[in-house]
1. Give, in whole angstrom and from largest to smallest, the semi-axes √(5λ) of the equivalent ellipsoid of the chain, with λ running over the eigenvalues of the Cα gyration tensor.
2. Sorted from fewest to most neighbouring beta carbons within 10 Å, what does the list Tyr253, Tyr228 look like?
3. Any number yet on Rg/Rh for the stretch 132-283, C-alpha, Kirkwood?
4. Let me check I have the definition right: for the stretch 180-247, take the eigenvalues of the Cα gyration tensor, multiply each by 5, take square roots. What are those semi-axes in whole Å, largest first?
5. In what sequence do Val187, Val153 fall when counting other Cβ within 10 Å, fewest first?
6. Please state the charge dipole magnitude for the chain, taken about the Cα centre, from unit charges on C-beta atoms (+1 on K and R, -1 on D and E), reported in debye and rounded to the nearest 20.
7. Does the stretch 1-111 classify as rounded, prolate or oblate by the C-alpha gyration tensor (a ≥ b ≥ c root eigenvalues; a/c under 1.5 gives rounded; else a/b over b/c gives prolate, otherwise oblate)?
8. Restricting to Cα pairs below 8 Å that are 6+ residues apart, what does the relative contact order work out to for the stretch 170-269? Please round to a whole percent.
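Just so it is clear, none of the values below were taken in a lab; they were calculated from the coordinates. In this text, all values refer to a predicted model and were calculated from it rather than measured experimentally. Cβ: placed from backbone, ideal geometry, glycine included. Neighbour counts: every protein chain shown.
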Amino acid sequence: MADLSVDLAGLRLRNPFLLASGVWGESGESLAGAHRAGAGGVVTKSIGSVGRPGYPNPTIESYDGWGLLNAMGLPNPGIDEYPQEIAAARAAGATVIGSIFGADPGEFADLARKMAATGVAALELNLSCPHAEGYGTEVGGTPAEVGAIVREVVRAVRLPVIAKITPNTSDPAALAEAAERAGASAVSAINTVRALAIDVRLARPVLAHGLGGLSGRAIKPVGLACVYQIFSRISIPLVGVGGISTAEDALEYLMAGARAVEVGTAVAFEGIGVFGRLASGLSVLLDELGLGSAREAVGLAHRGAGRGAASPA
């Protein structure tokens, strides 16, 4: 049986499958549930300095299993109300990565200190939400902005820092390079793709906020392309995100250069049982291909394309 364990910026994960931020991560019990269901690690909902109610409904549109369009507005209870949820997840044995968002480097740094004090194993910086005004892509859309935020957070904490970057830019790899130069331990790519749906009978956008972010199977080729391009331009680990619902999807990301993957929309459609299915399916698939571990698959598509040897996992 293939070995699924991976090392992600010093985090030893039992398998490469992480619960993505924003799905199933609202409470400590839901995070613990994903861990018990087989996730290698869990990423919390993105947490800010103060509580936010989010945007008014409708905030989400489903597309028959192949995607979700959402504009939630980063609803969350605020960092001062969230430590007990992380404590519950950690008590269940989960490897917890705390996701944070802020409006500027100083706010990110302050949040990072508070999140680090909860005992999380690492931080993921939400630099890429496409629809939250004043946050996400609006403060992480250029290499200079990404570098400034990552630099302040790295100075503030002694934890692995993962920069989650946006595909909604001309050169996502440049954002990843900026994160590495600023001291990030890893990069996750991608967040949702900016998108829109219109109700033709009402002649207005379906979502109350208008623009939203598209996730799920529809964006897998976009996520794969970003990971593939980024892999040859940075030396720190990559986390692949976007449209993973089968073992084959996950293996594509590993071969493109990801060391771990985040699963979100598939959880929304199938529930947390998806983690057990994905882990067992990946093990079988690796065996079929004569690969002894998930680590051996990292970057293989680059070798096949004649682009040189892959970095060791």
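1. Details: eigenvalues 142, 98, 84 Å².
Ellipsoid half-lengths, sorted descending, are 27, 22, 21 Å.
2. Details: Tyr253 30, Tyr228 23.
Listed from fewest to most nearby Cβ atoms, that is Tyr228, Tyr253.
3. Values: Rg = 16.5 Å, Rh = 16.3 Å.
Rounded to two decimals, Rg/Rh equals 1.01.
4. Working through the eigenvalues yields semi-axes of 31, 14, 9 Å.
5. Working: Val187 33, Val153 28.
The order, fewest Cβ neighbours first, is Val153, Val187.
6. Roughly 360 debye, rounded to the nearest 20.
7. Numbers: a/c = 1.85, a/b = 1.28, b/c = 1.45.
Oblate.
8. Numbers: 159 pairs, mean separation 28.2, N = 100.
Relative contact order, the stretch 170-269: 28 percent.
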